[in-house]
Amino acid sequence: MLSVTIDQSQDFLTLTTSNGPRRFHAIWLRDNAQDETTRSTANGQRLITLRDVAPDTQIAAAEVTPDGHLSVTFTPEGQSISYEIPWLEANAYDQRTQETRGWLSHQTEIWDALLASDVPSGDFDALRKGRAALRDWLGNIVRYGFAKVVNAPVKPGALFEIVDLFGYVRETNYGRLFDVRTEVNPTNLAYTGLGLQAHTDNPYRDPVPTVQVLHCLESSAAGGENMVVDGFAAAMRLKAETPDWFDLLAAHCARFEYAGEAAVCLSSRRPMIELAPDGELIAVRFNNRSCAALTDVPFEKMQSYYAAYRRLGEIIDDTAMEVTFRLEPGEAFVVDNTRVLHARKGYSGEGTRWLQGCYADKDGLRSTYDAMMRDTSLEAAE
């Protein structure tokens, strides 16, 4: 089932497995060698730079060894290096299909209001013990972009213990945490009893905080239910309805600003729908309160841009897109702020409603999750 052939040019080889043939260039193979002279055995980082590899590197010989590895001898250096074939298959770059603009990672599952019947959630005590409960809870955040926490401590600052499960607090001008409750002279509309349209937080920052945590301490006021909307699902719905409008919001930057406090003037310019160079949908930024004058759209496209902007807002406001839940004291939710929009219903002036919020970053969350998944794979291999 395993075979390897070298092209006449010696610039690449073709490895054939049960999954079919895959081509690999000589320079790619040499750069990605896993031997101890190329990568540290302690941390996996490269010990060489690309300039240490001859620009005219070619493949002098290649064979599948009896133990199931691929052995490649490179010229002009004359070094033979062994590769694990499953690793090569997992990292193959040949014969990949061309994805359309707006494709989603296989780890992403878009959702709508139907998810309200099964909101992803984790018990705080179980999460603190780690292992499967924490791994699965983090996996839900990766998959859906948010998850709740129940039975957390009901005390100020307890949200830091939630962040400790996966990463580190990101401090901003609001401090390490911020309190969300009614104020007489608020510096931000979040501190009033008004209902808020679903939005992503802090789009005026560069980079934007990629994770937000909101933790409930008091909740006796009428109303104030929390709501989340899958920004990726909203963007994909716009794409299905009017592809040109999707492309407009992806092709031109919006501008976002915040200067609600003394000595604070934050601004950034990013598209409302952000795509990677290969077309993957990687972020949504939507926050009408913080949207500045739009100046990056050509005159002849501005009217259509506003039509697209309006329609995206209508999709986001559609109750068929929202998952609503009420946070009780000791409950919290964690959202991927590059994907999931959050909001709250209006609440009355009677009673109290006190939430504390903070920001963190997705790299820490993904690192914790991916490391746990790697360890799971290792356990399965054993």
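The values are calculated or read from the model by the stated rules, or taken from the named source; none is laboratory data. Just so you know, these numbers come straight off a predicted model, no measurement behind them. FYI the Cβ positions are ideal-geometry reconstructions off the backbone, even for glycines, and counts take in every protein chain you see. In case anyone asks, the SASA skips ligands and DNA or RNA and just uses the protein heavy atoms, side chains included. Shrake-Rupley method; radii C 1.70, N 1.55, O 1.52, S 1.80 Å.
Laid out as a table, the results:
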{"item": "Among the candidates Asp318, Asp296, Asp244, residue that is within 30 Å of Gly139 (Cβ to Cβ), at pLDDT 95 or above and over 23 Å from the mean Cα position of the chain (by Cα)", "result": "Asp318"}
{"item": "Search result, residues across region 251-286 that are under 17 Å from Thr108 (Cα atoms) and either touching an Asp or Glu at 6+ places or on another chain (Cβ under 9 Å) or open to solvent by less than 10 Å² (accessible area, probe 1.4 Å) (or both)", "result": "Ile273, Asp278, Gly279, Glu280, Leu281, Ile282, Ala283, Val284"}
{"item": "Filtered residues of region 175-205 (kept if open to solvent by 40 Å² or more (accessible area, probe 1.4 Å) and at pLDDT below 95)", "result": "Asp179, Arg181, Thr182, Glu183, Val184, Asn185, Pro186, Thr187, Leu189, Leu194, Gly195, Gln197"}
{"item": "Failed item in (1) over 28 Å from Val264 (Cα atoms); (2) at pLDDT 95 or above, with Ser219 passing the rest", "result": "(2)"}
{"item": "Some residue of region 303-310 being under 26 Å from the mean Cα position of the chain (by Cα) and either basic (Lys, Arg) or under 15 Å from His199 (Cα atoms) (or both)", "result": "yes"}
{"item": "Region 1-51 - residue that is acidic (Asp, Glu) and open to solvent by 60 Å² or more (accessible area, probe 1.4 Å) and, of those, nearest to Asp94 (Cα to Cα)", "result": "Asp11"}
{"item": "Scan of region 221-250 for residues that are out of contact with any Ser or Thr (no Cβ under 8 Å at 6 or more places or on another chain), within 16 Å of Ile110 (Cα to Cα) and not β-branched (Val, Ile, Thr), ordered by number", "result": "Asp230, Ala233, Ala234, Ala235, Met236, Arg237, Leu238, Lys239, Ala240"}
{"item": "Number of the condition not met by Asp67 [criteria: (1) farther than 28 Å from Met1 by Cα; (2) loosely packed, with under 15 Cβ neighbours inside 10 Å]", "result": "(1)"}
{"item": "Residue in region 114-126 that is open to solvent by less than 100 Å² (accessible area, probe 1.4 Å) and at pLDDT below 95 present", "result": "no"}
{"item": "Pairs with Cβ under 6 Å, 6+ apart, first in region 212-237 and farther than 22 Å from Asn151 by Cα, second crowded, with 23+ Cβ neighbours inside 10 Å and of a type outside the set (A, V, I, L, M)", "result": "Gly231/Arg339; Phe232/Arg339"}
{"item": "Some residue of region 19-36 being without any contact (Cβ under 8 Å) to a residue 12 or more places away in the chain and assigned to a loop (DSSP other than H, G, I, E, B)", "result": "yes"}
{"item": "Odd one out for Ile85 among (1) of a type outside the set (S, T, N, Q); (2) open to solvent by 30 Å² or more (accessible area, probe 1.4 Å); (3) touching a residue at least 60 places away in the same chain (Cβ under 8 Å)", "result": "(2)"}
{"item": "Condition check for Ala54: surrounded by fewer than 17 Cβ atoms within 10 Å (Cβ to Cβ), touching a Pro at 6+ places or on another chain (Cβ under 6 Å) and at negative phi", "result": "yes"}
{"item": "Residue among Arg339, Arg366, Arg310 that alone is basic (Lys, Arg), under 26 Å from Val208 (Cβ atoms) and open to solvent by less than 30 Å² (accessible area, probe 1.4 Å)", "result": "Arg339"}
{"item": "Those residues of region 37-58 which are assigned to a helix (DSSP H, G or I) and of a type in the set (D, E, K, R), in sequence order", "result": "Arg51, Asp52"}
